[in-house]
Structure formats: structure tokens, C-alpha cells
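Every number in this text was worked out from the coordinates using simple rules, so none of it is lab data. These numbers were taken from a predicted model, which means no experiment stands behind them. Cβ atoms come from the backbone with ideal geometry, glycine included; neighbour counts cover every protein chain shown.
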Amino acid sequence: MYLETSKDEDGDWLAGDNNYRLHVPVNPPVKQFWSITLYDNVTRGPAMTDQGASDLSSRKPDLITNSDGSVDVYVGPTEPDGQNWIKTTPGKGWFPYFRFYGPTEAYFNKTWSLRDIEKVK
């Protein structure tokens, strides 16, 4: 199952110039894993930077989790110290797909939900 958005929590288009945070609550409803991949809003292909493909998943061996088991994913041109980070390119728009591999009942009955992407101010 995929979730997609093109705007942040304020209704503004996602832009490579800005820094954002996506909070992934504890216990995502997946049997296998979750992932987030950024796509270029013009080509509709994967967004590429010198970091490589713009993605991150719960399979990442050094994924940083919060004390409650939730995960914060930072997206933007500037790397925050010691955080999960996906690099963007200034001047380019993007959109994410958040994928659930092996979604469980909590996804379908909506007892677990993903918050909107928030701009880091």
C-alpha cells in the first residue's frame, strides 16, 4: 500500500529548498517493512542527489529510533546532525511515496495513521 502527498501540513508544495520532518509513529502496521522514497515532481522518476537514491526504510541497519520506538525522517538540502536524513535538491519540487510492505489490519481500519509532513522552521 502506498501513501502520497505533494504538500506539507500547511498546504504548501514540497520544495527542495526547505527542510521537513516526517514523524513515523511507533508500530507501523507492516508485516515486512516500511519505506519512504522521494520522486521528482517533473520527471515523476526517483529523485537523485549525490546521496544517491532519495529513500529510507525500516530495513536500514542504522535507522535512528526515538525512545518510544517512533522514527523521525528529515528531508531537505541540509543534513541535521545525527538524524535520519534524505537529501533534496534546492530549486526542485518533490513528492514522497510512503510504502507499507505487508500492511496489517491497523492500516486498513485506520487505527494507525501517518501525520502530514511538517516544515522545519
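Couple of notes before you dig in:
- Assigned charges on the beta-carbon of Lys, Arg, Asp, Glu; the chain dipole about Cα centre (debye): 340 debye
- The stretch 52-121 versus the stretch 37-51: alpha-carbon centroid distance in Å: 15 Å
- Links that overshoot a 19 Å alpha carbon limit, given the list K92/K119; K7/K60; K87/K121; K7/K110: K7/K60; K7/K110
- Option label - semi-axes √(5λ) of the Cα gyration tensor in Å computed here, alternatives (i) 48, 25, 17; (ii) 19, 17, 14; (iii) 22, 16, 14: (iii)
- The modelled label-to-label distance between N27 and T5, using points 7 Å beyond Cα along the C-beta direction, is 2.3 nm.
- Residue with peak Gaussian network fluctuation, the chain [Cα springs, cutoff 10 Å], from V30, V73, V42: V42
- When +1 charges are put on Lys and Arg Cβ atoms and -1 charges on Asp and Glu Cβ atoms, the dipole computed for the stretch 1-62 relative to its Cα centre reaches about 420 debye.
- Residue of Y74, Y101, Y39 that the Gaussian network model of the chain assigns the largest fluctuation, springs spanning Cα pairs under 10 Å: Y101
- A Gaussian network model of the chain, with springs between Cα atoms under 10 Å, assigns the largest mean-square fluctuation among T49, T89, T37 to T49.
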